[in-house]
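**Student:** Take a look at the following structure, please.
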Amino acid sequence: MTDAPLIGPAPTPMVDAEEARRARGRRIELAARYTLPLAVMALAILAWDRIVVWNEIPHYILPSPARVWDYFTGNWSTLVDAAMLTGRITLMALAVAVLGGAGLAILFNQSRMVELSLYPYAVILQVTPVVAIAPLIFIYVESKVAGMLMCAWIVAFFPVLSSTTLGLNSVDRNLRDLFAIYGASRWQRLIHLQLPSALPYFLGGLRIAGGLSLIGAVVAELVAGTGGVGLGLAGRIQEAGYRLNIAGMFAALAMVAAMGLVIFAALSLLSHLLLRKWHESALKTES
Amino acid sequence: MPRPTSIDDRAELLRVEAVNKVFPGDVRALMGMDLTVRQGDFISLLGPSGCGKSTALRLMAGLSHPTAGRIAWAAPPARGDVGVVFQEPTLMPWATVAQNVFLPFRLEGKSYASVKDDILDALRLVGLDKFQTAYPRELSGGMKMRVSIARAMVTQPKLILMDEPFAALDEITRFKLNNDLLAMQARIGCTVIFVTHSVFESVFLSDRIIVMAARPGRVIEEVRVDAPYPRSEEFRTSADYAAHCRAASRALEHAMEAA
């Protein structure tokens, strides 16, 4: 073996054209993820504005974006109050849906007899449109808030129930055997094995339930009106509609959509924080 | 615990007596199995698919009960006296390596602090003491299997049951784990029952190979491997090893013919 010189020519960078192209693609995609939707929104607003101006559409049929914006700024505090009310009902309903859905799932998991007895009724509640049940609820439930909560719960609890049930039953068979060999009690198996296994499923159901509780709250408000507890966003939409204040309807609708987005983003973040260390869904792919 | 050289001198640990296991639909997984397991034995159950190896293991683990016959322990096993390693590493993905190894103690109601040293010892024995806080997904297949072995050993069990634990690993990793497994067994002096379908693996590891036949699952023959422990890589290439592999292969052939 000959003595090779220790210092040779400077190494060329180890990135080939294909890898460089791939890296560029990733950078572009990252930028596009935020800029493209914003661009679409800007274009849509521009088109909307032009359609209104060029066709001279009266504002009680279709207000221009500027008019909606004016309504926003002029009635900001009213809109925020309404959003707070709808938001409170939504969050309370979501909390009850989580407690009720996950609680029922655990109960079903612990007792097959209870599951066989009650599961069909959970399905019936789920498949009956809440708009059809709501009027009945408000006949028997005196408190507006309680009635609204009940409506929102009926729509929102089922995804939590069904996904948590699936999760509790999806425990690795060998891990279950291992727990049996080490003499785990039913309680230990639930706490240390089934609940952690079910967590990703539960969080999936929770994200759907978040959106549904908002739908439930809005529907309940539309059916019941909110006399006595103030006006929520759905009430604002209705009220503005009666007055042909279309800009007001758009503004309140935008608030509802924004609220839905915030709920979804918050629940996605929660899911990410709880699963990022270990679950496949939260892992970045290695390249 | 030093292992007496002669297998027949060892104290009895448990006895499988005329055990039958029949599953619904008259599937005879195991018929008339007799086996005396002694302390310090390294027993391989070798046979084709469907010969009842895994069923026998589940019966000894107490996960199911014989249709007829019995599993008689010399002294009834306490919690933590039996450790198990499955074909998959079977780790809890949400728990760190140390928390996974802690599991048997946690289920006994012990605190982490009180068994911290045992956990560290077990991890050191499998060479993973630097990975205590890692999550299973950060480990390779071989490392996950080591964690699984550490968990099975951490309670210092009398018996470790292993169900084809290295079948899914590459050959280099498998050889390494074979060596390590023997070192660990020598260290804690437990009995191992090892299910495999590899003649070579069974000869390298065990001092007793129980060859089984399928349909119905039953014991055909016992092959003894009297090569001394510790067995090193040299043993794998020795004439002695080759002779034992031939004997075990022949027994396996009989088992296949008998099926």
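The values are calculated or read from the model by the stated rules, or taken from the named source; none is laboratory data. Computed from a prediction, not measured in an experiment: that's the story for all the values here. Heads up, the Cβs are rebuilt from the backbone with ideal geometry, glycines too, and the neighbour counts pull from every protein chain shown.
**Student:** Please work out if B:L169 is in contact with a Gly (Cβ under 8 Å, 6 or more places away or on another chain), part of a helix (DSSP H, G or I) and either surrounded by fewer than 22 Cβ atoms within 10 Å (Cβ to Cβ) or not assigned by TED's automatic domain parsing to the domain that holds B:R106 (or both).
**Tutor:** No; evaluated as a whole, the condition is false for this residue.
**Student:** Filter region B:187-207 down to the residues that are over 25 Å from B:C51 (Cα atoms) and modelled with pLDDT of 90 or more and list them by number.
**Tutor:** Of everything in region B:187-207, just one residue is over 25 Å from B:C51 (Cα atoms) and modelled with pLDDT of 90 or more, namely B:C190.
**Student:** Find the residue count for region B:215-250, including only residues that are in contact (Cβ under 8 Å) with a residue 60 or more places away in the chain and basic (K, R).
**Tutor:** Looking only at that region, the number is 4.
**Student:** Which of (1) surrounded by 14 or more Cβ atoms within 10 Å (Cβ to Cβ); (2) out of contact with any His (no Cβ under 9 Å at 6 or more places or on another chain) does A:L199 not meet, given it meets every other one?
**Tutor:** Of everything listed in (1) surrounded by 14 or more Cβ atoms within 10 Å (Cβ to Cβ); (2) out of contact with any His (no Cβ under 9 Å at 6 or more places or on another chain), A:L199 misses just condition (2).
**Student:** Do you know which residues across region B:88-132 are more than 27 Å from A:R276 (Cα to Cα) and surrounded by fewer than 20 Cβ atoms within 10 Å (Cβ to Cβ)?
**Tutor:** Result: B:E108, B:G109, B:K110, B:S114, B:D117, B:D118, B:D121, B:R124, B:L125.
**Student:** Out of the residues in region B:138-148 meeting the condition of being touching a residue at least 40 places away in the same chain (Cβ under 8 Å) and part of a helix (DSSP H, G or I), tell me which one is farthest from the other protein chains (Cβ to nearest Cβ).
**Tutor:** Looking at the filtered set, the residue picked out is B:G141.
**Student:** What's the total number of residues in region A:120-169 that are polar (S, T, N, Q) and outside any helix (DSSP H, G or I)? Step through it out loud before you land on a result.
**Tutor:** If we filter region A:120-169 for residues that are polar (S, T, N, Q), which is where we start, we get A:126, A:128, A:143, A:162-165, A:169.
Imposing the further condition that a residue be outside any helix (DSSP H, G or I) reduces the set to A:128, A:143.
Result for region A:120-169: 2.
**Student:** Right, something else. What residue, among those in region A:202-212 that are away from chain B (no Cβ under 14 Å) and in contact with a Ser or Thr (Cβ under 6 Å, 6 or more places away or on another chain), is nearest to A:L99 (Cα to Cα)? Spell out how you get there, then give the answer.
**Tutor:** Narrowing region A:202-212 to residues away from chain B (no Cβ under 14 Å): A:204-212.
Checking the rest, the ones that are also in contact with a Ser or Thr (Cβ under 6 Å, 6 or more places away or on another chain) come to A:204-205.
On the way: A:G204: 15, A:G205: 13 Å.
Among those residues, the one meeting the criterion is A:G205.
**Student:** Which one of these is over 15 Å from the mean Cα position of the chain (by Cα), within 14 Å of chain B (Cβ to nearest Cβ), more than 18 Å from A:L161 (Cα to Cα) and not basic (K, R): A:L195, A:L244, A:L273, A:L199?
**Tutor:** A:L273
**Student:** Right, next: Would you check if there is a residue in region A:213-231 being acidic (D, E) and either touching an Asp or Glu at 6+ places or on another chain (Cβ under 7 Å) or within 14 Å of chain B (Cβ to nearest Cβ) (or both)?
**Tutor:** No, every residue in region A:213-231 fails to be acidic (D, E) and either touching an Asp or Glu at 6+ places or on another chain (Cβ under 7 Å) or within 14 Å of chain B (Cβ to nearest Cβ) (or both).
**Student:** Check whether at least one residue in region B:223-233 is in contact with a strand residue (DSSP E or B) (Cβ under 7 Å, 6 or more places away or on another chain), closer than 30 Å to B:A68 by Cα, modelled with pLDDT under 95 and surrounded by fewer than 20 Cβ atoms within 10 Å (Cβ to Cβ), and report yes or no.
**Tutor:** yes
**Student:** Yes or no: B:M184 outside any loop (DSSP other than H, G, I, E, B) and without any contact (Cβ under 8 Å) to a residue 24 or more places away in the chain?
**Tutor:** Details: outside any loop (DSSP other than H, G, I, E, B): yes; without any contact (Cβ under 8 Å) to a residue 24 or more places away in the chain: no.
Against the criterion (outside any loop (DSSP other than H, G, I, E, B) and without any contact (Cβ under 8 Å) to a residue 24 or more places away in the chain), B:M184 does not qualify.
**Student:** If you don't mind, there's one more thing I want to ask. Just name the residue that is surrounded by the fewest Cβ atoms within 10 Å (Cβ to Cβ) out of those in region B:157-166 that are part of a loop (DSSP other than H, G, I, E, B) and out of contact with any Asp or Glu (no Cβ under 8 Å at 6 or more places or on another chain). Full working, then the answer.
**Tutor:** Start the filter on region B:157-166 by keeping residues that are part of a loop (DSSP other than H, G, I, E, B), which leaves B:157-158, B:164-166.
Then drop every residue that is not out of contact with any Asp or Glu (no Cβ under 8 Å at 6 or more places or on another chain), which leaves B:164-165.
Working: B:E164: 20, B:P165: 26.
Per the stated criteria, the residue is B:E164.
**Student:** Residue by residue through region B:95-107, note down the ones that are within 10 Å of chain A (Cβ to nearest Cβ), touching a Ser or Thr at 6+ places or on another chain (Cβ under 8 Å) and either not polar (S, T, N, Q) or not in a loop (DSSP other than H, G, I, E, B) (or both).
**Tutor:** B:P104, B:F105
**Student:** Here is a check on your reading of the model: is A:T165 touching a residue at least 60 places away in the same chain (Cβ under 8 Å), over 30 Å from A:G235 (Cβ atoms), buried (at least 21 other Cβ atoms within 10 Å of the Cβ) and β-branched (V, I, T)?
**Tutor:** Numbers: touching a residue at least 60 places away in the same chain (Cβ under 8 Å): yes; over 30 Å from A:G235 (Cβ atoms): yes; buried (at least 21 other Cβ atoms within 10 Å of the Cβ): yes; β-branched (V, I, T): yes.
Answer is yes for this residue.
Each row is one residue, and each column tells you yes or no for (1) surrounded by fewer than 19 Cβ atoms within 10 Å (Cβ to Cβ); (2) without any contact (Cβ under 8 Å) to a residue 24 or more places away in the chain.
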residue	(1), (2)
A:D177	yes, yes
A:I181	no, yes
A:W187	yes, yes
A:V218	no, no
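**Student:** Looking at region B:58-86, which of its residues are part of a loop (DSSP other than H, G, I, E, B), of a type outside the set (K, R) and facing chain A (nearest Cβ under 9 Å)?
**Tutor:** Across region B:58-86, the qualifying residues are B:G62, B:L63, B:G80, B:F86.
**Student:** Facing chain A (nearest Cβ under 10 Å), touching a helix residue (DSSP H, G or I) at 6+ places or on another chain (Cβ under 8 Å), surrounded by fewer than 20 Cβ atoms within 10 Å (Cβ to Cβ) and not aliphatic (A, V, I, L, M): does that describe B:Y135?
**Tutor:** Judged against the criteria, B:Y135 is a match.
**Student:** Okay, next question. Among the numbered criteria (1) surrounded by fewer than 21 Cβ atoms within 10 Å (Cβ to Cβ); (2) at pLDDT below 90, which one does B:G217 miss?
**Tutor:** Exception for B:G217: condition (1).
**Student:** If I ask for residues that are within 14 Å of another protein chain (Cβ to nearest Cβ) and among the aliphatic types (A, V, I, L, M), which ones from region B:108-132 would you list?
**Tutor:** B:V115 - this is the single residue of region B:108-132 that is within 14 Å of another protein chain (Cβ to nearest Cβ) and among the aliphatic types (A, V, I, L, M).
**Student:** Also, quick follow-up: With the requirement that a residue be of a type in the set (G, A, S), outside any helix (DSSP H, G or I) and within 7 Å of another protein chain (Cβ to nearest Cβ), what does region A:170-192 give you?
**Tutor:** Scanning region A:170-192 gives A:G183, A:A184.
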